[in-house]
C-alpha cells in the first residue's frame, strides 16, 4: 500500500515540467469530478463550475486506500474548496491537499489549466 501512495507527489505551478492533455472540458461534469489516468496514476479532476475553477488531486483516498475521490462531494471549508471521500467523508483541501479532518496526511494536488476546450494537468517529471 505504501508503494501506491509514493507514486503521488504534489506538483505546484512553479515546478510543472509536463502539461498533460487530460480531456475536453465537456468530458467533466459541472460541479463534480471524473478520473483520468496519467502514467499509471489515477487523477481526480474537478470542474468546480459554481466558482469558476478547476482542481486535480490523487484519486486514491488514503483512509481505506480506495480510488474514489473523483466521485466525492465537492464544497467548501471556511471558504476554501474541498472534496469529501464518498465512502467515509474524509475531507481534503483541493488547493493544497490538506486533510481537513486532521487525522491523516495530505493528498497530492496538481495544477490545472484550460486551453480552448482542453483540460491540462501539470506534473513534475
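How would you rank 48-61, 69-82, highest first, on the average number of other Cβ atoms within 10 Å across their residues? List each step's numbers first, then the result.
Working: 48-61: 19.0, 69-82: 16.2.
Result, highest mean first: 48-61, 69-82.
With no solvent and one equal point scatterer placed on each C-alpha of the chain, evaluate the Debye formula and give log10 I(q)/I(0) for q = 0.11, 0.20, 0.22 Å⁻¹, two decimals.
So the normalised log intensities work out to -0.32, -1.12, -1.37.
Could you check the spin-label model distance between residue 114 and residue 12? Points 7 Å from the Cα along Cα→Cβ, value in nm.
2.6
Per residue, what volume in Å³ does the Cα convex hull of the range 67-125 take up?
Spelled out: Cα convex hull of the range 67-125, divided by residues, is 115 Å³.
Measuring from a point 7 Å past the Cα of residue 3 along Cα-to-C-beta, which residues in the range 62-77 have an amide N at less than 15 Å?
Nothing falls inside the zone, counting backbone N under 15 Å.
Per the helix-only calculation at 222 nm, which mean residue ellipticity applies to the chain, given -39500 (n - 2.57) for every DSSP H run of n ≥ 4 and division by its residues, nearest 500 deg cm²/dmol? All intermediate terms of the calculation are to be shown ahead of the outcome.
Numbers: 1 runs with 5 residues, N = 125.
Helix contribution divided over all residues of the chain: -1000 deg cm²/dmol.
All of the numbers you see were taken from the coordinates with simple rules; none came from a lab. All of these numbers come straight from a predicted model, not from anything done at the bench. We place every Cβ from the backbone using ideal geometry, glycine too, and count neighbours over all the protein chains shown.
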